[in-house]
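Engineer: Pasting in a structure now, in structure tokens, and then I'll have a few things to ask.
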Amino acid sequence: MGAMIPSAPPPKNGKFKLESSVKDGEAVFKLHGMVDEDAHFASVLATVKANLESLKRVRFDLGGVSHVNSSGIREWLLLLERLYLAPPIEIVNVSSGFVEQANMVSNVFSRPGLTVISFAVPFYCEKCESSKTVVVESKALKQGKQVVIPDAKCPKCFAAMELDSVEEDYLSVIRKLAGG
Ligand SMILES: [Zn+2]
């Protein structure tokens, strides 16, 4: 009950927060909370611009994002557009909030030089009400021509867990990214 496990899903409705770091030619931006009209990415652009010559990669970690609304997705698309000079972009831990939007808005992750590395897939146990997030690499979700979301076992009662999101959203987004 209420125990914090490191893989707990992001808290619902937390305010937008951005963490940035630049190290060894890589700029990492971690997004947290709600991506909405309060999501301002000016500091991302400033950081990338200031380090443009030494940057080999820009990485966005979306694992802490609880929800994305239409204003937030506009800010995100604008950011990608303004990052046209940036080196290759890698996206990790795509959360279900982003998946939902990526399913409705076609170009959330489509941009030359952008790769979605992994998804943070939320699971829920109906038996004991535990939840956990499993990070799955994009390539592991594609099995030949099939797209499959792996099964998850509850860490507490070992029952099979349910996907705590709309499965079809994930599948269609992954198919889109796979170009299929
Ligand atoms: Zn359980």
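The values are calculated or read from the model by the stated rules, or taken from the named source; none is laboratory data. None of these values were measured; they are calculated from a predicted model. With ideal geometry, Cβ positions are generated from the backbone for all residues, glycine too; neighbour counts draw on all protein chains shown.
Engineer: Does at least one position in the stretch 157-174 carry a residue that is aromatic (Phe, Trp, Tyr), under 29 Å from Phe41 (Cβ atoms) and modelled with pLDDT of 90 or more?
Structural biologist: Scanning the stretch 157-174 turns up no residue that is aromatic (Phe, Trp, Tyr), under 29 Å from Phe41 (Cβ atoms) and modelled with pLDDT of 90 or more.
Engineer: Another question, if that's okay. Note down all Cβ pairs under 7 Å where the first residue falls in the stretch 145-161 and is without any contact (Cβ under 8 Å) to a residue 60 or more places away in the chain, the second is within 16 Å of the ligand (Cβ to nearest atom) and among the polar types (S, T, N, Q), and they're at least six residues apart or on different chains.
Structural biologist: Going by the 7 Å Cβ cut-off, the qualifying pairs are Cys154/Ser130; Lys156/Ser130.
Engineer: Is it the case that Ala159 is of a type in the set (Gly, Ala, Ser), away from the ligand (no atom under 16 Å from the Cβ), on the phi < 0 side of the Ramachandran plot and out of contact with any Leu (no Cβ under 9 Å at 6 or more places or on another chain)?
Structural biologist: no
Engineer: In the stretch 24-82, what residues are more than 17 Å from Ser95 (Cβ to Cβ), acidic (Asp, Glu) and in contact with a strand residue (DSSP E or B) (Cβ under 6 Å, 6 or more places away or on another chain)?
Structural biologist: Glu26
Engineer: Another one. Glu162: surrounded by fewer than 17 Cβ atoms within 10 Å (Cβ to Cβ), of a type in the set (D, E, K, R) and touching a Phe, Trp or Tyr at 6+ places or on another chain (Cβ under 7 Å), yes or no?
Structural biologist: yes
Engineer: Here is a further query. Identify, from the list Ser71, Ser106, Ser110, Ser54, the residue that is touching a Gly at 6+ places or on another chain (Cβ under 6 Å), surrounded by fewer than 16 Cβ atoms within 10 Å (Cβ to Cβ) and farther than 21 Å from Thr133 by Cα.
Structural biologist: After applying the criteria, what remains is Ser54.
Engineer: Just checking, does the stretch 61-71 include any residue being modelled with pLDDT of 95 or more and under 20 Å from Phe119 (Cα atoms)?
Structural biologist: Scanning the stretch 61-71 turns up at least one residue that is modelled with pLDDT of 95 or more and under 20 Å from Phe119 (Cα atoms).
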